[in-house]
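The values are calculated or read from the model by the stated rules, or taken from the named source; none is laboratory data. Predicted model only: the values in this text are computed from it and were never measured. Here the Cβ positions follow ideal geometry from the backbone for every residue, glycine too, while neighbour counts run over all protein chains shown.
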Amino acid sequence: MTVTYKERVLENGLRIAAEVAPGAHSAAIGFFVRTGARDEPTPLMGVSHFLEHMMFKGTETLDADAINRGFDDLGANNNAFTSREMTCFYAHTLPEGMEKATDLLAEMMRPALRQTDFDTEKKVILEEIAMYADNPFWILYEETIARRYADSPLGHRVLGTKETITALQRDQMNRYFTDRYAPDQMVVALAGNIDFDRCADQIAKRCAAWPSTGATRDHTLPTRHTGRFELKDPKVNRGYLIGVADAPPLGDERRHAAALLAQILGGGDNSRLHWALVETAIAEECMASYDGMDAHGEFFVYASGDPDKLEQIEAVIRGEITALKDSIEEDDLAKLRSKALTGLTLASEQPSGRMMRLGRVWTMLDKYTTLDQELESLSKVTVNDLKEVCDAFPFDDWLLGSMVPA
């Protein structure tokens, strides 16, 4: 499929980027906002996610029902998400529905933020926080991140806490929105069967008058705490372990090596941890992963099982991490590299996948890289690259959290 990259930057800083594929049978658009939990003042923790919900509650001209029916009438696949790094609102539709989908998303990006909607949605957010409080993994994960970064916004919970959401006021949200949801903090990513000039003209007509703010992100890395801690919870009957360690940032050329290294350690049924823990019936589940972020990165290691075996599980994990560097062989890398290349290619088969990749690349890296360039970088990763990441970012230089029954 022939793909052509096009872009336009409005005077207010809004970037419109597209991978145009005339042979595609669908089209996708996403508004990516460079703001998330790490950009929030601590007293407002959770405001980014709360605001994501409020964007669907209507504008001065459209109520929530009209927005939902508008997407339903198009048969669109639309949704949103919030992370520590960004907030995204997107739609995937047939080419003939692109104009309407663009209008709906652009309209949503300037919400009314009515007090009545705010009060109602606050109850929904508090219920969501309560729901996750019943998930042992989520409790331990959030506590580990919070302790890892102490008072830094990098340790913020995406949902916020019961206390911060309860105390949050509508006017505080509005000020946060005005500052962060500015065009110079946004990228509009498009992909698929689209007329770029027509789409860009439509977006400019809707968004050119939005004022820029010059908002920034603090890239100062806080002290990352190591060591260990233990939580005891009367509601659980299994044991859980989560370790968090430093890893290359997303903008670091070593990110592909880091991702492959995490896959070798705990990325699936053929990983070191799976064979050492699950296949031997020592643990019920385990995994390792790499999370690249803006100016920072993290390795995660997770396992769960019988609380009485938790010390044994930890010992096995430490053993596999210690042996990892010297155990990596070319065959390991070749298999995982092929799997990663296949996954990356398949994710870009549909316009929605290309739109997501394009929006994330611009939001996080502030530059454009083609799929072929990314595939080439991944193909060039060597065993020595993996070993160098092992040396530079030790998995077990971590904060290790555990949860056991009270």
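So which residues in region 276-297 are free of Cβ contacts under 8 Å to residues at least 60 places away in the same chain and either of a type in the set (A, V, I, L, M, F, W, C) or within 17 Å of A315 (Cβ to Cβ) (or both), if there are any at all?
Result: A276, L277, V278, E279, T280, A281, I282, A283, E284, C286, M287.
Being of a type in the set (V, I, T), more than 30 Å from V361 (Cβ to Cβ) and touching a Pro at 6+ places or on another chain (Cβ under 9 Å) is true for just one of T116, T164, T178. Which residue is that?
T164
Go through region 235-251 and count every residue that is at pLDDT 95 or above and among the charged types (D, E, K, R).
Total satisfying the criteria: 2.
Could you identify the single residue in L265, L310, L273 that is part of a helix (DSSP H, G or I), touching a Gly at 6+ places or on another chain (Cβ under 7 Å), in contact (Cβ under 8 Å) with a residue 60 or more places away in the chain and buried (at least 19 other Cβ atoms within 10 Å of the Cβ)?
L310
Take the residues of region 205-239 that are of a type in the set (S, T, Y) and within 23 Å of the chain's Cα centre (by Cα): which is farthest from A283 (Cα to Cα)?
The extreme case among them is T216.
Count, please, the residues in region 124-166 that happen to be of a type in the set (G, A, S), in contact with a helix residue (DSSP H, G or I) (Cβ under 7 Å, 6 or more places away or on another chain) and part of a helix (DSSP H, G or I).
2
Which of the residues belonging to region 123-146 are in contact (Cβ under 8 Å) with a residue 40 or more places away in the chain, surrounded by 17 or more Cβ atoms within 10 Å (Cβ to Cβ) and under 25 Å from H225 (Cα atoms)?
Residues satisfying the conditions are P136, I139, L140, Y141, E143, T144, I145.
Within region 331-369, which residues are among the polar types (S, T, N, Q), more than 16 Å from E7 (Cβ to Cβ) and either assigned to a loop (DSSP other than H, G, I, E, B) or out of contact with any Leu (no Cβ under 9 Å at 6 or more places or on another chain) (or both)?
Within region 331-369, S338, T342, S348, Q350, S352 qualify.
If you go through region 28-42 one residue at a time, do you hit one that is free of Cβ contacts under 8 Å to residues at least 12 places away in the same chain and touching a strand residue (DSSP E or B) at 6+ places or on another chain (Cβ under 8 Å)?
Within region 28-42, not a single residue is free of Cβ contacts under 8 Å to residues at least 12 places away in the same chain and touching a strand residue (DSSP E or B) at 6+ places or on another chain (Cβ under 8 Å).
Within region 370-406, count every residue that is touching a strand residue (DSSP E or B) at 6+ places or on another chain (Cβ under 8 Å), among the aliphatic types (A, V, I, L, M) and assigned to a loop (DSSP other than H, G, I, E, B).
The qualifying residues number 1.
Inside region 44-71, can you point out the residues that are out of contact with any strand residue (DSSP E or B) (no Cβ under 9 Å at 6 or more places or on another chain) and more than 16 Å from V124 (Cβ to Cβ)?
Once the filter is applied, which keeps residues that are out of contact with any strand residue (DSSP E or B) (no Cβ under 9 Å at 6 or more places or on another chain) and more than 16 Å from V124 (Cβ to Cβ), region 44-71 yields L44, M45, T59, E60, T61, L62, D63, R69, G70.
Among the strands (runs of 3 or more DSSP E) contained in region 1-66, which hold 1 or more residues that are at pLDDT 95 or above, out of contact with any Pro (no Cβ under 8 Å at 6 or more places or on another chain) and buried (at least 22 other Cβ atoms within 10 Å of the Cβ)?
Those strands (runs of 3 or more DSSP E) span 15-20, 27-33.
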